[in-house]
Every structure is written in structure tokens, then in C-alpha cells.
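All remarks here apply to the structure that follows.
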Amino acid sequence: MLAIINGQTARAVEKATSIDHHLLAAWVRAYQQDGEQAFVPYRRSRRYPAELKAQVVAEYQMGGTSLRKLCVKYNISNPGLCAKWVSQAVQ
């Protein structure tokens, strides 16, 4: 992460480390938003309020941002969870 913060591209770091560049970029965004606290593991599964889920779905459906960016914005560690909320909202 430090290499990316210091100017290297996520793709260059991916080549050197074999860590997916999307994951690296998500880590950097999380670090920039929340600092080291972004990487403190949770002891139990987090429960997200219905209002937060609805907000994430609404912002995604309006367009202009990705699920990954919304997850960083709302401190949601699993983009797949956001995708599930969007999928459920469409049904």
C-alpha cells in the first residue's frame, strides 16, 4: 500500500506482489478514509441498518459510482454484500 500511496500504480504493485490491483486500490481508499482503523478486524459479523442498505442501493442505482467506492464510503468491508443488497432490491 505504501508504494501506491507514494506514487506507484496499483497494477505495478500487482505485478510485484501478485495481489489483485482492485483489492490494492480498495485497501488504499480504505486507509485514506479511515487510517489504520480500516484494517482492524471485527470480532463478530457486522449488522447494517436497513437505512444504510437503502442508501447504498439508491446511490448505486443513481449511477456515477461503483459498489467498491460505496463500500469504502460507508466502511463496508465486503463489496459482495453491497452487490447482494442491490440484487435483492431489484427483485
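The values are calculated or read from the model by the stated rules, or taken from the named source; none is laboratory data. Only a predicted model underlies this, so the values are computations on that prediction, with no experimental measurement involved. Here the Cβ positions follow ideal geometry from the backbone for every residue, glycine too, while neighbour counts run over all protein chains shown.
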Is it the case that ILE4 is part of a loop (DSSP other than H, G, I, E, B), of a type in the set (A, V, I, L, M, F, W, C) and without any contact (Cβ under 8 Å) to a residue 40 or more places away in the chain? no
Where the second residue is at pLDDT 85 or above and surrounded by 13 or more Cβ atoms within 10 Å (Cβ to Cβ) and the first is of a type in the set (D, E, K, R) and in a helix (DSSP H, G or I) and lies in region 11-26, which pairs have Cβ atoms under 6 Å and are six or more apart or on separate chains? ARG11/HIS21; GLU14/HIS21
Within region 81-91, which residues are surrounded by 10 or more Cβ atoms within 10 Å (Cβ to Cβ) and over 10 Å from TYR48 (Cβ atoms)? ALA83, LYS84, VAL86, SER87, GLN88, ALA89
Name the residue, out of TYR74, TYR31, that is surrounded by 16 or more Cβ atoms within 10 Å (Cβ to Cβ) and of a type outside the set (Asp, Glu). TYR31
